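Here's the structure we're looking at; comments come further down.
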Amino acid sequence: MLDHDQVRDPDVLKHSMLDFRQMSTFVKQPLIFDHAEGVHCWDIDGKHYWDALSGIFVVAVGHHNPRVLKAMHDQLDKLTFAAPLHGTNAPAIECCELLASLAPGELNTVKLLSSGSEATETAMKLARQYWKQAGHPTKYKVISRYWGYHGATLGAMAATGTPKRRVPFEPLPEGFIHIPTVHCYRCPYQKTYPDCGIFCAEYLRQVIALEGPQTVSAVIVEPIGNTGGILVPPPEYLPRLRQICDEFDVLLILDEMITGMGRTGQMFGAQTFGVTPDILCLGKGLSSGYAPLAATIWNDRVNSAFWGPEEAGIEFGHGHTFAGNPLSATAGIASTREIIERDLPANARAMGALLQRKLLEMGQHYGIFGEVRGKGLLWGIELVRDSRTKEPFSDETAIGKRIGLLAQERGLIIRFDPQWIALAPPLIVTAEELEEMLAILDGCVADTLSSL
Ligand SMILES: Cc1ncc(COP(=O)(O)O)c(C=O)c1O
């Protein structure tokens with residue numbers, strides 16, 4: 001095994017390539033995690049960090065959860081791989097059954113996968129094959145939103161709507177249409193809620209009509225967008241999208257990678273916003289990160305097209321080697337039961353209310369919190385030079401990045417972007433732990449402002 005000095009040696013690190021990370025900067029001051037417990041992490045130098053982001057919206061039940069670890073240890077001694085092409089395994093079956101029992105409406109069929117990108121790709125391929133088998137072979141286009149993020153693989157990337165993530169890989173697969181996202185603080189149509197009549201949702205109606213409903217297979221959206229700074233729609237938005245999809249016979253896919261598994265105060269964002277999609281995608285908090293696990297769940301209507309008579313040879317022509325991995329499924333079951341039995345969605349609601357109140361107070365004090373927005377334990381802060389006029393900081397100031405990097409230096413991990421920051425601590429977080437995290441954040445905002 002490499003020792004402490006070897007793992008941080010640039011000559012050793014040069015063989016690694018991290019996600020969305022400039023490696024030349026990273027190797028100079030690498031962050032190398034060593035161990036973690038609850039909402040705490042430590043790096044290889046013993047430095048302590050508050051995990052105010054659940055890794056990256058992942059560790060719902062906190063780090064080093066004894067129940068999840070015990071279940072995984074037990075499973076390790078039994079079976080760690082079962083080829084999904086040949087069959088399945090008891091933990092995978094139980095995980096599917098559990099998710100089907102939790103998912104709203106007729107979302108009853110579950111395909112286990114290993115990453116969020118696989119889950120959204122699966123959803124979009126499922127939608128295309130569904131329409132072919134349901135007698136509407138021309139329905140293939142997918143409508144998604146600018147600012148949406150649906151994953152890093154080519155199809156998921158084609159549905160993604162941020163230029164930074166897309167442009168380096170263009171041309172992307174065709175058949176993906178984007179519409180502006182919902183962003184009441186900076187409305188892309190320069191309208192004001194509620195007088196706008198939710199024009200951003202209504203616009204979908206125009207786009208489907210103009211593309212030709214007979215060509216549109218699905219609409220995919222995140223209930224709350226992460227990119228752009230935790231974009232929370234008004235209550236009528238998702239129900240309106242649902243209604244429009246129904247009018248044109250288009251499937252609605254909810255990408256619940258971030259909002260799923262209790263994060264927004266209900267088990268699924270779908271419940272928080274009162275909509276039932278045709279297909280729901282989960283990942284991240286599904287296994288709390290104890291092993292790679294994601295899932296695509298679909299309703300009985302979609303499923304019915306995949307259960308033809310044996311002689312018809314109908315199957316879902318899609319799969320991944322690690323899908324339904326027994327160890328991952330075990331982690332998913334244990335983490336999900338922990339969420340249910342400890343009623344962590346309720347804690348997300350209670351701690352989320354506290355977090356919101358404290359952030360609003362902090363915002364009033366510093367005057368640069370343009371908007372504090374979120375649900376449950378998912379909160380974003382859009383940072384502005386002047387909260388009355390919404391004047392943003394210049395791109396060069398990159399205020400959010402400065403605050404985020406300073407926070408990391410001081411042992412607090414948050415999500416940051418040049419113009420916003422976000423917090424999403426594990427769903428087990430206590431009021432005392434939140435207070436400690438916020439005290440560090442407060443100091444970082446104060447010191448960043450005085451350094452400008
Ligand atoms: C909303 C959403 N969808 C999909 C993905 C892709 O998930 P993964 O990185 O596990 O492939 C992410 C990842 O951040 C996400 O936030």
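The values are calculated or read from the model by the stated rules, or taken from the named source; none is laboratory data. Since the model is a prediction, treat every value here as computed from it, not as a measurement. Every residue, glycine among them, receives a Cβ derived from its backbone with ideal geometry; neighbour counts consider all protein chains shown. Note: accessible area is taken over every heavy atom of the protein model, side chains too, but ligands, DNA and RNA are not part of it. Shrake-Rupley method; radii C 1.70, N 1.55, O 1.52, S 1.80 Å.
Count of the range 233-264 residues, restricted to those that are over 13 Å from the mean Cα position of the chain (by Cα) and part of a loop (DSSP other than H, G, I, E, B), is 6. Out of 242, 263, 205, one residue alone is charged (D, E, K, R), touching a strand residue (DSSP E or B) at 6+ places or on another chain (Cβ under 8 Å) and more than 16 Å from the ligand (Cβ to nearest atom). It is 242. Against the conditions (1) crowded, with 22+ Cβ neighbours inside 10 Å; (2) touching a helix residue (DSSP H, G or I) at 6+ places or on another chain (Cβ under 6 Å); (3) of a type in the set (Lys, Arg), where does residue 67 fall short? Just the number, please. For residue 67, the exception is condition (1). Residues of the range 392-448 that are of a type in the set (Val, Ile, Thr), within 20 Å of the chain's Cα centre (by Cα) and under 18 Å from residue 348 (Cβ atoms): 414, 428, 429. Considered as a group, the residues in the range 278-294 that are open to solvent by 20 Å² or more (accessible area, probe 1.4 Å), within 13 Å of the ligand (Cβ to nearest atom) and not small (Gly, Ala, Ser) include one that is nearest to the chain's Cα centre (by Cα), and that residue is 284.
Got at least one residue in the range 161-184 being within 19 Å of residue 283 (Cβ to Cβ) and either β-branched (Val, Ile, Thr) or open to solvent by 70 Å² or more (accessible area, probe 1.4 Å) (or both)? Among the residues of the range 161-184, at least one is within 19 Å of residue 283 (Cβ to Cβ) and either β-branched (Val, Ile, Thr) or open to solvent by 70 Å² or more (accessible area, probe 1.4 Å) (or both), which makes the answer yes. Candidates in the range 144-156 are the residues that are near the ligand (Cβ under 8 Å from one of its atoms) and either charged (D, E, K, R) or surrounded by fewer than 22 Cβ atoms within 10 Å (Cβ to Cβ) (or both); of these, the one that is nearest to residue 217 (Cα to Cα) is 153. Checking the stated criteria, residue 159 turns out to be modelled with pLDDT of 95 or more and within 16 Å of the ligand (Cβ to nearest atom). Can residue 107 be described as assigned by TED's automatic domain parsing to the domain that holds residue 174, more than 16 Å from the ligand (Cβ to nearest atom), at pLDDT 95 or above and open to solvent by less than 70 Å² (accessible area, probe 1.4 Å)? Here the answer is yes, as residue 107 does meet what is asked.
Would you be able to tell me the number of residues in the range 265-277 that are in a loop (DSSP other than H, G, I, E, B) and open to solvent by 10 Å² or more (accessible area, probe 1.4 Å)? Qualifying residue count for the region: 5. Of the candidates 321, 296, the single residue that is outside any helix (DSSP H, G or I), modelled with pLDDT of 95 or more, out of contact with any helix residue (DSSP H, G or I) (no Cβ under 9 Å at 6 or more places or on another chain) and assigned by TED's automatic domain parsing to the domain that holds residue 112 is 321.
The single condition from (1) at pLDDT 95 or above; (2) among the charged types (D, E, K, R); (3) farther than 17 Å from residue 378 by Cα that residue 395 fails is (1).
When the residues of the range 103-129 are narrowed to those that are assigned to a loop (DSSP other than H, G, I, E, B) and over 17 Å from residue 153 (Cα atoms), which ends up nearest to the chain's Cα centre (by Cα)? Looking at residues that are assigned to a loop (DSSP other than H, G, I, E, B) and over 17 Å from residue 153 (Cα atoms), I get 103. Selection of strands (runs of 3 or more DSSP E) fully inside the range 337-452 by the criterion of at least 2 residues being free of Cβ contacts under 8 Å to residues at least 24 places away in the same chain returns 369-375, 378-386. A search for C-beta distances below 8 Å between a residue of the range 204-229 that is among the charged types (D, E, K, R) and any residue that is near the ligand (Cβ under 9 Å from one of its atoms), counting only pairs 6+ apart in sequence or on different chains, returns 222/148; 222/149; 222/150; 222/255; 222/256; 222/257; 222/258; 222/259.
Kindly establish whether residue 219 is β-branched (Val, Ile, Thr), open to solvent by 10 Å² or more (accessible area, probe 1.4 Å) and not in a loop (DSSP other than H, G, I, E, B). When the stated conditions are applied, residue 219 does not pass them. Right, residue 227: at pLDDT below 95, assigned to a loop (DSSP other than H, G, I, E, B) and within 30 Å of residue 261 (Cβ to Cβ) or not? Here the answer is yes, as residue 227 does meet what is asked.
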